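The values are calculated or read from the model by the stated rules, or taken from the named source; none is laboratory data. Here the structure is a predicted model, which is why all the values come from computation and not from measurement. All Cβ positions, glycine included, derive from the backbone under ideal geometry; neighbour counts span all protein chains shown. Surface accessibility is based on the protein's heavy atoms, side chains included, excluding ligands, DNA and RNA. Shrake-Rupley method; radii C 1.70, N 1.55, O 1.52, S 1.80 Å.
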Amino acid sequence: MSHAYLQCIECGHRFPSNREAIYACPQCGDLLDVVYDWQDADADRLKTLFRQRRVSNAPIDVSGVWRYRELIPFYTDEAQIVTYPEGNTQLLDAPRSAQYAGLGRLTFKHQGFNPTGSFKDNGMATGVTQARVLGARVVACASTGNTSASMAAYATRAGMLGVVFIPEGQIAFGKLSQSLDYGALTLQVRGDFDAAMQLVREVAPQVGMYILNSVNAFRLEGQKTIAIELLDQLDWRVPDRLVVPGGNLGNSSALGKGLKELYDLGFIDKLPRITIIQAAGADPLYRTMTSPDPDRLVTVYARTLATAIKIGRPVSWKKAKRSMTWTDGWVTEVTEQEIADAKAIIGRDGIGCEPASATTLAGLKRLLEEGTDAPIDRDEEVVAILTGNVLKDPDYTVRYHLGDLYEDYVTETVVTSRSGKIDTHFANHPIEVAANAAAIIAVIERHLAQVAPV
Ligand code: F0G
């Protein structure tokens, strides 16, 4: 089995991976990667092995993370592995979304099909496994809602206590309900995500909690398998572009690392361009990359209805930048209006997603409209990652269709003033009818006469 180490992305120092919880380089304080001295990683042999595992019923073969375990070999014993199982998220053809963006074809990989409804499950499978390797009993995270939902579920299934720090009143109710139901100690911090993140890092060492935010390099190893599974599903044909929303920037970091490793190990012979999309009100990476000094993070006070990505000081920004460098990638930003409309179009494809995920389609549309400056072609093969399930934030969706969505609406519990109305260009307004068959038939007939089939 390959040996694993933690390695600083900046100074390159290596540290043992299985002795103690470390999240930053003890030498220089920068982010860490899990790295391996690869053995038994022959691409052709592993491609065949991964395929064969699809007919197995063993949970570690069924899992879309652990099926690829030779590419995430940081554990020492298979008995340590934690799995729901997760992954196995489908590729979906989305013709209406493609047409909306101006693309010939568009495929979504829907991470919302995961057990707790988001891509975080891929990362928790490995993060909680590492917690077990280290003998941790308590795990913790700061979250805009999905990390906490996922961690809460995996922690209780692994017999650990989960402690979640969430910004009070700023996460979608679907996500809050998951954390409560799965029995996590749920701390509603009076502050934003960035404050909650800082508090987790301060408190964790004092009370022995193992941190499962994306600053934890082992969690990103699981998220890396989203790229591996995607390529396996495409029979290892490499798309031109991979589009992801950017929040704390763990996912874009993980995908970049996974793709680079696949390339270096000879699984693929080119890299898809990682294209990161941020909300315009929470766009620190975009601002950093367009600033005169892109080596210094430009932080922002984040504001967006896509609460999942309401983050102004992203932990993994340097790794996300590295992903863009490795893959000749790109970052752009989109407005609240663009996100809301794109989400409705994804819904019309019969797919649906949460607001943060819809940045992908909005970003593609914007890049294509930007024309000659934008390095994108309408005939490219594009895969966009939908990060979360439509049922995570139904309040947003219903408000959109009712024409009641405002930029400064935050959640059910915190409504500030009423300005910045989002136009509902693709609204599907519900119609109130009398409980009477004749009245209902009249409404249906009127509707059929007016609306061409979609
Ligand atoms: N999409 C969804 C649905 C998310 O929940 C998140 C992040 C992102 C996109 C952005 O991914 O942070 O890796 O760049 N959610 C985190 C959370 C922050 O706490 O659930 P990222």
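Annotation: peptides 13-26, 436-449, ranked by per-residue average of other Cβ atoms within 10 Å with the highest first, follow the order 13-26, 436-449. Peptides 232-240, 77-85 ordered by packing proxy, namely the average of other Cβ atoms within 10 Å per residue, highest first: 77-85, 232-240. Summed over the residues of the chain and divided among them, the accessible surface reaches 41 Å² per residue at a probe radius of 1.4 Å. Take 219-227, 186-194, 154-162 and order them by the average number of nearby Cβ atoms within 10 Å per residue, most first; the result is 219-227, 154-162, 186-194. For the chain, the residue among 46, 63, 162 whose Cα projects farthest onto the positive side of the dipole built from Cβ charges is 162.
To put it simply, the accessible area of the stretch 139-297 at a 1.4 Å probe is 48 percent carbon and sulfur. Shape of the stretch 62-200 from the C-alpha gyration tensor: oblate (a/c of 1.5 or more and a/b not above b/c, with a ≥ b ≥ c the square roots of its eigenvalues). For the residue pairs 224/421; 319/365; 120/321; 310/365; 318/421, the C-alpha atoms sit more than 32 angstrom apart in 224/421; 318/421. With a simple spin-label model that places each label point 7 Å from the Cα along the Cα-to-Cβ direction, the separation between residue 44 and residue 27 comes to 3.8 nm. Taking a ≥ b ≥ c as the square roots of the eigenvalues of the Cα gyration tensor of the chain, is the shape rounded (a/c under 1.5), prolate (a/b larger than b/c) or oblate? It comes out prolate by the Cα gyration axes. The distance from the alpha carbon centre of the stretch 325-346 to that of the stretch 76-147 is 20 Å, rounded to a whole number. Taking a straight Cα-Cα cut-off under 12 Å and skipping sequence neighbours fewer than 8 places away in the same chain, the aspartates and glutamates within cross-link reach of residue 392 are 354.
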